[in-house]
Structure formats: C-alpha cells, structure tokens
1. Do any GluC sites (Glu not before Pro) in segment 55-146 lie in a DSSP loop with no more than 14 other beta carbon atoms within 10 Å, and if so, which?
2. At a Förster distance of 30 Å, what's the computed FRET efficiency of Trp190 paired with Glu149, Cβ-Cβ distance as r, to 0.05?
3. Going toward the positive end of the dipole of segment 1-145, with +1 on Lys and Arg Cβ and -1 on Asp and Glu Cβ, which of Leu63, Ile96, Ala86 do you reach last?
4. Taking the convex hull of the Cα atoms, report for the chain its projected area averaged over all directions, in nm².
5. How large is ³J(HN,Hα) for each residue in segment 51-66, as worked out from phi by the Karplus curve 6.51 cos²θ - 1.76 cosθ + 1.60 (θ = phi - 60°), to whole Hz, x for Gly and Pro?
6. Any chance you could give the angle, 0 to 90 degrees and rounded to 10, that helix 107-117 forms with the longest Cα principal axis of the chain?
7. Which residue, Ala142, Met173, His72, has the largest displacement toward the positive end of the dipole of the chain when charges sit on each Cβ (Lys, Arg +1; Asp, Glu -1)?
8. Provide the FRET efficiency to the nearest 0.05 for the Ala176-Ile117 pair, computing r from the beta carbons and using R0 = 25 Å.
Amino acid sequence: MSPRRPSVNEAMRRRSRERLLQATVELVEERGYEATTLGDIADRAGTARGLVSYYFPGKRLLLQSAAHRLMHCELAAALGREPAPADGREVLARAIDAVLALPVRHPVVMRAHMAGILQAEGFSECEERQRLAELLLGAVRAWGSADPEQDYRMLRALLMGGVFAQLIPGAAMPLARLRADAFQRYGLPWELGVPPGDLPPGGTPLPGTAQR
C-alpha cells in the first residue's frame with residue numbers, strides 16, 4: 001500500500017481537530033466547563049484521547065480555540081447571509097451584531113471563555129483566533145477605516161467588553177444598550193445588521209426567526 005499524500009494527512013488532521021473543537025462547544029454547553037473532561041471530548045469527537053493532548057496543551061486552551069472557532073463560524077455566517085451586504089456599514093453592523101449576540105446564543109461557552117481569558121494563560125494564538133481576527137479586520141476595512149489595524153484593535157476591545165458586560169452575574173448590561181452605543185460610535189443606523197426585538201425595515205433576521 002502506498003503512503004498517503006501529505007495533503008491527505010493534513011486534511012485528516014484538520015478534520016480531527018475540527019471534531020474536537022465542535023465536541024468541546026457541545027459538551028461545555030451541555031455540562032459546563034468544570035464537568036467536561038478531555039476524555040469526554042475525545043469520546044464525543046470519536047478520536048483517541050492522545051490526540052487531544054497532541055493538538056492542545058490543556059483543556060483551558062482547547063476551550064479558547066473552540067470558542068474562537070464558534071465566534072468565527074457565527075461571524076462568517078452573518079457576513080455571508082443573503083441578501084449580501086449592500087455596503088461597508090452593513091458589513092460592520094453584521095459583525096458587531098454577530099459577536100454581541102454570542103452571550104445570548106451561547107452563554108455557557110462564552111462565560112467559560114471569558115473567565116479563561118482573565119486567568120494566567122491569557123489568549124491562545126491559535127488559527128481559529130487568527131481567522132476571527134481576519135474577519136473583523138475585513139469588516140473595519142469595508143467600513144472605510146483610515147487605520148484598519150488600530151480600528152480593529154478598538155473594535156475587538158469594544159466587542160470583548162460588550163460580551164463580558166452581558167455575562168456579569170447580577171449586573172448584566174442589556175444587549176440593546178450595548179449595541180446602540182457601538183452603532184453610535186461607528187455611525188451605523190439602527191436598522192442595519194440584526195436589530196434586537198422588533199426589526200425595523202432593512203434588518204436582517206437571524207436564521208429561524210421571522211421579521212415582523
């Protein structure tokens with residue numbers, strides 16, 4: 001039997017890694033971070049336990065990569081939803097709405113992710129985070145930023161703060177207020193993106209929702 005080509009091996013490794021990341025999101029949402037073990041994740045992904053340690057140095061960094069993949073997937077879906085964005089303002093509006101909606105759509109995973117960022121490990125420089133950064137950088141470029149790198153960092157800080165503010169026990173900030181402040185900062189009309197509550201004309205419904 002001839003050995004597999006490097007491209008085939010790489011595709012198999014990528015699929016195994018993707019299964020582990022998806023399994024992490026599913027199990028943390030179902031059981032919480034502390035109750036989810038690396039063995040549970042390997043079993044759910046259908047991979048060997050040793051592969052988890054091969055790809056990720058620990059459960060906390062595995063969760064970070066899984067959360068970054070989740071954020072990237074949600075953001076990519078929002079940007080790619082039909083109808084296509086008419087201009088750069090719609091692109092940025094969809095990006096802001098997709099990220100700020102994460103604590104509503106995935107509260108357990110996002111709470112565990114934000115808690116991990118505040119610990120000693122900090123950020124993991126994984127490929128999922130890089131993909132997320134590329135989409136956000138593209139959004140500020142489409143918006144017309146004169147300094148995309150600086151505006152990307154500011155947008156990232158604003159969105160991280162907005163996600164965290166929705167998850168503070170007993171003092172959570174409402175999504176609508178956080179969204180309004182972000183849209184005001186970037187000069188975006190309320191009706192762009194996915195307005196919370198009753199959707200004004202022009203709002204793009206989330207999958208599975210109906211526009212009134």
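1. Hits after loop and neighbour filter: Glu121, Glu125.
2. 0.60
3. Farthest towards the positive end: Leu63.
4. That works out to 14.3 nm².
5. 5, 4, 5, 5, 8, 9, x, x, 5, 5, 6, 4, 5, 4, 4, 5
6. Between helix and principal axis, roughly 80 degrees.
7. His72
8. So the FRET efficiency works out to roughly 0.50.
No value in this document is a laboratory result; all are computed from the given coordinates. A quick note: this is a predicted structure, and the numbers were derived from the prediction, not measured. Ideal geometry is used to build each Cβ from the backbone, glycine not excepted, and the neighbour counts take in all protein chains shown.
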